[in-house]
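**Student:** Quick one: the structure is below, and I'll ask about it shortly.
The values are calculated or read from the model by the stated rules, or taken from the named source; none is laboratory data. All figures in this text were calculated on a predicted structure; none of them were measured in a lab. For neighbour counting, all protein chains shown are included, and Cβ atoms are generated from backbone atoms with ideal geometry for every residue, glycine included. All accessible areas refer to the heavy atoms of the entire protein, side chains included, with ligands and DNA or RNA removed. Shrake-Rupley method; radii C 1.70, N 1.55, O 1.52, S 1.80 Å.
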Amino acid sequence: MNNSGRCWQITFAKQEADKNEFGEFLESWFDVVTCDYTEDGFDIWSGYKDSHFNEQEFLSYAKGQNISLPPYEAKLLESEDWLKDNVIKFAPVEADKFLIYGVHEKEAPKTDKLAIRIYAATAFGSEHQTTRSCLQAICDLDNGKKAHKNILDVGCGSGILSLAAAKLWPDSKITAVDIDDEAVIVTNQNAKDNGVEQQIDCFLSNGYQNAKVLQNAPYDIILSNILARPLIEMAPDLAKNLKSGGFAVVSGFVADQEEWVVNAHLEQGLKLVKTYQFDNWRAALLEKK
């Protein structure tokens, strides 16, 4: 992928969340794909392609994949490094005990918080409401009552939750998994950049399907910031791999999905400790008795 010179940015009209197949389709065509989230729970997808982007070929490809494209806007970007200047550039974000900043910053921001430096790319999620909720839940678990030494991050994305846990609990070991190989690459790089690569073991897995996830169980904490449907489907696996007295943080669902997601975990014997709300997005902290 050539990051220099021109690139095309294709931004699609907002859609309902939980459109995994659309994201997978975009990733099969574009060099980089991002997903922004609106306050009312919708997704805004953007694809980035170098200057050789051919719109008619793209439309034909979508038709061949039986994908119905929403309205979109195409814009030609001029930049010395379009990936850095248009995709991964974001202002430092404060979230509870943490400050998250991007690799594009020339210097680390001065802060008394735990600083996390990330290269986001397609696995970006630092400013999303669910990420903030999960970071708040992680901080709530840092109460000195229990030592959290074995942690699982399912659907790690950029690895931001794994990084936060590693910074907060230096003696912890974190298993981080994602279904996307790009996320695994980004998480491993972010772990190195933050000096916590010895704590984080990141690899490909569709949820709990990789045998290594089961070998590292049971976990003191399981973090899962994904979407409502997979959260519900994986609730039995979460309960099975969480130790007695352990905690789970689940997020990635909107208000009208909250009851479904929470009840799926209550049915597995977990207890609801607390819910978190940012705009229309929700997260839940649960405990296994």
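**Student:** Give the residue that is nearest to P230 (Cα to Cα), with candidates limited to residues of segment 202-212 that are in contact (Cβ under 8 Å) with a residue 40 or more places away in the chain and surrounded by fewer than 20 Cβ atoms within 10 Å (Cβ to Cβ).
**Tutor:** This residue is G207.
**Student:** I'm checking my understanding of the structure. Among residues of segment 240-271 that are touching a Lys or Arg at 6+ places or on another chain (Cβ under 6 Å) and open to solvent by less than 20 Å² (accessible area, probe 1.4 Å), which one is farthest from L227 (Cα to Cα)?
**Tutor:** Within segment 240-271, the match that is farthest from L227 (Cα to Cα) is G246.
**Student:** For segment 135-149: of the residues being touching an Asp or Glu at 6+ places or on another chain (Cβ under 6 Å) and crowded, with 18+ Cβ neighbours inside 10 Å, which is farthest from Q198 (Cα to Cα)?
**Tutor:** The residue in question is Q136.
**Student:** For a quick check of your reading of the model, give me the residue pairs whose first member lies in segment 94-107 and is at pLDDT below 75, whose second is open to solvent by 20 Å² or more (accessible area, probe 1.4 Å), with beta-carbon atoms closer than 6 Å and at least 6 apart or on different chains.
**Tutor:** V103/Y119; H104/K84; H104/K89
**Student:** I've got another one for you. Within segment 183-196, does at least one residue satisfy the condition of being in contact with a helix residue (DSSP H, G or I) (Cβ under 6 Å, 6 or more places away or on another chain) and open to solvent by 40 Å² or more (accessible area, probe 1.4 Å)?
**Tutor:** Looking through segment 183-196, none of the residues is in contact with a helix residue (DSSP H, G or I) (Cβ under 6 Å, 6 or more places away or on another chain) and open to solvent by 40 Å² or more (accessible area, probe 1.4 Å).
**Student:** Something else about it: Determine whether Q199 is surrounded by 14 or more Cβ atoms within 10 Å (Cβ to Cβ), at pLDDT below 95 and in contact with a helix residue (DSSP H, G or I) (Cβ under 8 Å, 6 or more places away or on another chain).
**Tutor:** So Q199 does not fit the description; no.
**Student:** Does any residue in segment 136-162 that is modelled with pLDDT under 90 come within less than 9 Å, Cβ to Cβ, of a residue that is assigned to a loop (DSSP other than H, G, I, E, B) and aromatic (F, W, Y) six or more places away or on a different chain, and which pairs are these?
**Tutor:** A147/W169; G157/F124; S158/Y119; S158/F124
**Student:** Identify, from the list S51, S68, the residue that is open to solvent by 30 Å² or more (accessible area, probe 1.4 Å) and at pLDDT below 75.
**Tutor:** It is S51.
**Student:** If I filter segment 71-80 down to residues being within 11 Å of F12 (Cβ to Cβ) and touching a Ser or Thr at 6+ places or on another chain (Cβ under 7 Å), which single residue comes out as surrounded by the most Cβ atoms within 10 Å (Cβ to Cβ)?
**Tutor:** Y72
**Student:** Among the numbered conditions (1) of a type in the set (G, A, S); (2) out of contact with any strand residue (DSSP E or B) (no Cβ under 7 Å at 6 or more places or on another chain); (3) at pLDDT 85 or above, tell me where G125 comes up short.
**Tutor:** (3)
**Student:** Separate question: Just the residues that are assigned to a strand (DSSP E or B) and of a type in the set (K, R), please, taken from segment 249-289.
**Tutor:** K271, K274, R282, K288
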